[in-house]
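Notes follow the structure.
Read the figures in this text as sums done on the coordinates, not as results from a lab. Predicted, not measured: the structure shown is a model, and the values here were computed from it. All Cβ positions, even for glycine, are placed from backbone atoms using ideal geometry, and neighbour counts span all protein chains on display.
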Amino acid sequence: MMHTTNPCAITYQGKHYHCSISMAMNLIGGKWKGVILYYLLNQPKRFSELKKSMPDITEMTLSLQLKQLEKDELISRTVKGDKPPVHVSYALTEKGQLLSPILLALSDWAKKINHEDGSMIKTTNHG
């Protein structure tokens, strides 16, 4: 039996993936992670600003997703002030910023395939 190497296989943070797309989807997949990253493209945002941009997400889910994105080093959390109320903001890390063209392309793709009114939707600026 011949043993071949999988050219798509990748190991990241000690975990082996049979395909690099699996690794990427593990980091940014799911209902909310990509949306959170998309809203952080232009500037850092506070929790309340993110929540306002995504009214369908629960506060608990937003909190958990932010913690996971921070753990995966795609976003950073900055706390300013040492007494309440502290100012906490979230921003893309350098690694997270690498997702910018991908997130913008996904947004454009979604707009282009949306044919509800029979026409292509024009691209608008993101949050």
TRP32, TRP109 arranged by Cβ crowding within 10 Å, fewest neighbours leading: TRP109, TRP32
222 nm mean residue ellipticity, helices alone, for the chain (DSSP H n ≥ 4; -39,500 (n - 2.57); rounded to 500): -12000 deg cm²/dmol
Charge-dipole axis of the chain as Lys and Arg at +1 and Asp and Glu at -1 on Cβ define it, positive-most pick from SER53, GLN68, HIS87: HIS87
Cβ-placed point charges (K, R +1; D, E -1), dipole of the stretch 3-105 about Cα centre in debye, nearest 20: 200 debye
Identified option (computed Kirkwood radius over Cα pairs in Å; candidates (1) 16.7; (2) 14.2; (3) 17.4): (1)
Taking ILE113, ILE10, ILE28 and counting other C-beta atoms within 10 Å, the order from fewest to most: ILE113, ILE10, ILE28
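Please tell me the relative contact order of the stretch 31-113 in percent, rounded to the nearest whole number, where contacts are Cα pairs under 8 Å and at least six residues apart.
Details: 79 pairs, mean separation 28.3, N = 83.
RCO, the stretch 31-113: 34 percent.
Just give me a number: lysine pairs in the stretch 1-106, eight or more positions apart or cross-chain, with C-alpha atoms less than 14 Å apart. Write out the running numbers ahead of the final one.
Details: LYS33/LYS51; LYS33/LYS67; LYS33/LYS71; LYS45/LYS80; LYS71/LYS95.
Lysine pairs, 8 or more places apart or on different chains, close enough: 5.
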